[in-house]
Structures are given as structure tokens and as C-alpha cells.
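Accompanying notes for the structure given below.
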Amino acid sequence: MSPASTSPRRVLAIGLGPFNLSLAALAHPLPDVEVEVVESRDAFVWHPGMMLPGAQIQVPFLADLVTFADPTSPYSFLAYLKAMGRLHRFSIRGSWYPLRREFSDYCAWVAAQLPGIAYATTVTAVRWDDQADEFVVEAASAAGTSTHRADHVVVGTGTVPSLPAPLARVAEESARVGASPVVHTGEYMGRREDIAGAGSVLVVGSGQSAAECALDLLNAGHPDLTWVTRSPRFFGMEVGQLTLELTSLDYERHFATLPRARRDEINASHRSLYKGISEYTIEDVYHVLYERQVGPLDPARLWPGTSVTDARLVAGPGAPRVEVTLRDEETGVTGRHVVDRVVAGTGYRHPDHPFLEPVRHLLRAEDGRTTANADHAIDVSGRRIFVHNTAEQPLGLTGPDLGMAAEHSGRILSTIAGREVYAQAESIAFQDFGAVAAGVR
């Protein structure tokens, strides 16, 4: 597996989320890299179930698809604002954070300008042709099967909604007879009216998505709302400057040198850095709770340190309800709570990649698990198969960080091209991570 041709390197990107869209946009002006993107959906879609009015993304506009790699790119968020006639109004608005709907529209705007995107096409297998020194990628669409040949593959299939086992079981059972009373936050907008009209609602989780759904129901004046989290409190997202240095390439490089077990431990401890609630959302929640206390509505119930240990369907006056067993994490006491709807802000998981099975022998592993190197490559050669925002990355909290998409794409493209196509700063952090291990000076 050693590229030797002087013709443009052919790259097949699997999945069209912001990460692979960033890759395609940054590759477009390069003479020695050609990117083709295969996407299973029929258009660019980004978290359609969470396009709540007023919701903002949690990274600043400079951390768009391209700017941190190439500030002069025509595919920047500022270029989008100029094209939409909103540049001055965005400036006057006074926020660094774009609306979520706005960012999704920006991504769709970029995708519409790029060639080589095949929609409604699902990759079924990635094979290696040793004689031709290239990948043969098989895909399926409504038109039939197709074959794509490439020198490199970049997997960026994103994440899928995840439910705890008790809620997943209820969702599966109820889905057989109709709409489930358990709704993941990723599907909230599609069920918004149904949830708002339910007699009682339980929101589970304390991340940004759960908070936005709880806030939406509070603003709608829902009369019977309970919000629980197994965390000891409703964490705010940490956005201090020195904390944000943990999203730098400096920390990435240090983190990648740590043993796998230690990285797993640190990842668990870092959850509050990216799974907390934004400050402005916490303020909005508190304001509406206070307003409800003034009257005429009850403020709602917020129960920290409370986990869901079991759930089952029970008969209701109309549709089935959900009986949830809750456990107080501090006292160990359990109790039952019956509601009409459960909104689960329980996160996302990385899907498996069965299409990589034919090339499993080419992948690098650590402790029995496929693992990317610092350049995001997961193959043993370190330059043929790459991953974007997947479980295989040893990058800590920067792996799924939307704000790092441009820098990660730039690094992948530099590895593919065999040259530095977009310069990356050697160091941007004031902190020295791992200084003692490196030798104190």
C-alpha cells in the first residue's frame, strides 16, 4: 500500500456531515487531490430534529468548515453571510455563535457548490485491490449497484441516537403498534406538537439537547414537566480560556501519546467540557422557571442525581403511558414515575462500520480495538484509510469537536497529498501538556 502515482490522489469520503464536507471544501482548490463523497441520504441534513427556534451552535463562527485551515476560502461562514446579504446584520447581532438552522443552511450552501457528491447512495463494502494498488468501493442506490475506485478512503458517518436499555426496550415495544411515547431529542422537532400536547412529560439528561427541549416545553407553558439527570447537578459547559486549550492541537498531540486505558479514563472525566449546557441556555431556563413561579404555572420539577433504572409501558386513558423507575444516586432510594411522554437527551453513539470488514486486515489496532494515529489514519500504512468524528480517534474531546473539523481535514489532506497543503501552527496553547514526562526545563 504505497502511493507512487503523480496523478491526483483520488479520495472517497463516506458520509456527508460537516466533517467530510469540510474535507471536500478544503480539497476542492487542490490540484493533486480529488474528493468524491457518497452520502446515504438524498440531501445534506444536519440534526433536523433539533432545529429549535433560537437554538445556537456551541462553537464560534470562526470555527466553520474551513477558516482555521484556510481563512481565504470561498466556503467560509463569512462568505456565506455575504452571499445571503446578512453579513452586517450578523455583526450587529453581537454574538459569535450562529443559529443552528443558520449553520445547517450554511453547510447546505457549501455542499451545493461542490462537485462529486453522490446522494442517496449507501456504501456496502470497501475492498483492497492489491494488484491495482487501490480501493474498490461498492455502493447501492435506487438505480442499482455502483463501483468506485479510490486511492484513499475517509470515513465520516457521524453518530446515531442512543437510548439507555430500559427506554430502548419501551421504544421498540411501542413502535410495533404506533408512535412511541419515548422520543430521542434527535427526533424532537418531528414530534414537537405531540409532546407539547401530552399531559405529562419527563425529560432525561442534562446536555445541551435535553436543556433545549426542556426550555422549549417550559416556554410553551407545559403544565406537568419533570427533568432528571443522573449527574449530581445540571452542569454548565466549561468555556474558560485555559479550559478551551484542551481543544488545541497541543493537547491532541499529548493525549495521543497516552495508553488507551488512560485515554478512556480522561475522556470520561472530560464529559462536562462538551456535554454541559451553554450559559445562555441555563440563564433562559432559570428565567422561565422564575416567571412560572410568579404564576400561574408551577415551576416544573428538576431532579439532579436521578437515574432511569427501568421502564415499562402501562395502560393509559387513551394511548399507553410509561412507568419509569428512578433511582436517587446519593441515597440509593428508588421510586416510580408515570408519564405520557419521555424525551431522552441521552446522547449519541458511533455506529459500526461493517463495510470495512473486507479490509479489516489492513487496519491498525490497539488493545484489540481499531485506533487512528495522530493523522486520523486507521490503516497500518498510516495514509490510506482515515476517520472523521468516529470512535476510533485517540484525540479525546477534540475528535467530535465541530470546531476542529477544518484543522483535522487539513491534516488528513496533507497526509494524502504528501505535503503540507494547509499550514498548522506548531503550538497555540500557553499550557505545556505532559511537561514533566517530556523533561522539565
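Any idea which of 390, 346 is out of contact with any Cys (no Cβ under 6 Å at 6 or more places or on another chain) and modelled with pLDDT under 85? Outline the logic, then answer.
Details: 346 fails: modelled with pLDDT under 85.
Unique residue meeting the criteria: 390.
Being in a helix (DSSP H, G or I) and under 30 Å from residue 332 (Cα atoms) is the filter here, so list the residues in region 213-262 that pass it. Can you show your working first?
As a first pass, look at region 213-262 and keep what is in a helix (DSSP H, G or I): 213-219, 241-247, 249-256, 260-262.
213, 214, 215, 217, 218, 261, 262, listed by residue number.
Only one of these is among the small types (Gly, Ala, Ser) and in contact (Cβ under 8 Å) with a residue 60 or more places away in the chain: 305, 316, 295. Name it.
Working: 316 fails: in contact (Cβ under 8 Å) with a residue 60 or more places away in the chain; 295 fails: in contact (Cβ under 8 Å) with a residue 60 or more places away in the chain.
None of the others qualify; the one that does is 305.
Here is a yes/no grid of residues against (1) among the hydrophobic types (A, V, I, L, M, F, W, C); (2) more than 27 Å from residue 174 (Cβ to Cβ):
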position	(1), (2)
186	no, no
194	no, no
197	no, no
209	no, no
213	yes, no
232	no, yes
240	no, yes
254	no, yes
258	yes, yes
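What's the number of the condition residue 371 fails, among (1) under 30 Å from residue 300 (Cβ atoms); (2) of a type in the set (Val, Ile, Thr); (3) modelled with pLDDT under 95?
Exception for residue 371: condition (1).
Residue by residue, here is whether (1) hydrophobic (A, V, I, L, M, F, W, C); (2) on the phi > 0 side of the Ramachandran plot; (3) outside the structural domain of residue 328 (by TED's automatic domain parsing) holds:
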site	(1), (2), (3)
185	no, no, no
196	yes, no, no
205	no, yes, no
212	no, no, no
217	yes, no, no
225	yes, no, no
244	yes, no, yes
257	no, no, yes
263	no, no, yes
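From the list 100, 127, 191, exactly one residue is surrounded by fewer than 19 Cβ atoms within 10 Å (Cβ to Cβ), at pLDDT 95 or above and under 24 Å from the mean Cα position of the chain (by Cα). Which is it? Spell out the reasoning first.
Details: 100 fails: surrounded by fewer than 19 Cβ atoms within 10 Å (Cβ to Cβ); 127 fails: under 24 Å from the mean Cα position of the chain (by Cα).
Residue meeting the stated conditions: 191.
Among the candidates 150, 132, single out the residue that is surrounded by fewer than 16 Cβ atoms within 10 Å (Cβ to Cβ), under 26 Å from residue 15 (Cα atoms) and touching a strand residue (DSSP E or B) at 6+ places or on another chain (Cβ under 8 Å).
Working: 150 fails: surrounded by fewer than 16 Cβ atoms within 10 Å (Cβ to Cβ).
Sole residue among the options that is surrounded by fewer than 16 Cβ atoms within 10 Å (Cβ to Cβ), under 26 Å from residue 15 (Cα atoms) and touching a strand residue (DSSP E or B) at 6+ places or on another chain (Cβ under 8 Å): 132.
Could you say which residue among 347, 316 is under 30 Å from residue 20 (Cβ atoms) and of a type outside the set (Lys, Arg)?
Among 347, 316, only 347 is under 30 Å from residue 20 (Cβ atoms) and of a type outside the set (Lys, Arg).
If only one of 236, 221 is within 19 Å of the chain's Cα centre (by Cα) and touching a residue at least 12 places away in the same chain (Cβ under 8 Å), which one is it?
Details: 221 fails: within 19 Å of the chain's Cα centre (by Cα).
Testing whether each residue is within 19 Å of the chain's Cα centre (by Cα) and touching a residue at least 12 places away in the same chain (Cβ under 8 Å) leaves just 236.
Residues to consider are 198, 210, 168; find the one that is more than 28 Å from residue 24 (Cβ to Cβ), part of a helix (DSSP H, G or I) and over 16 Å from the mean Cα position of the chain (by Cα). Break it down stepwise before answering.
Values: 198 fails: part of a helix (DSSP H, G or I); 210 fails: over 16 Å from the mean Cα position of the chain (by Cα).
None of the others qualify; the one that does is 168.
Which of (1) crowded, with 21+ Cβ neighbours inside 10 Å; (2) under 30 Å from residue 80 (Cα atoms) does residue 170 not meet, given it meets every other one?
Single failed check for residue 170: (2).
Within region 269-281, identify whether any single residue is outside any helix (DSSP H, G or I), closer than 24 Å to residue 224 by Cβ and under 29 Å from the mean Cα position of the chain (by Cα), and answer yes or no.
Within region 269-281, the subset outside any helix (DSSP H, G or I) is 270, 275-278.
Next, only the ones that are closer than 24 Å to residue 224 by Cβ stay: 277.
Retained after the next criterion (residues that are under 29 Å from the mean Cα position of the chain (by Cα)): 277.
Yes: one or more hits.
The values are calculated or read from the model by the stated rules, or taken from the named source; none is laboratory data. It should be emphasised that the depicted structure is a prediction, and the values quoted were computed from it without experimental measurement. A quick note on method: Cβ atoms are made from the backbone with ideal geometry, for glycine too, and the neighbour counts reach across all protein chains shown.
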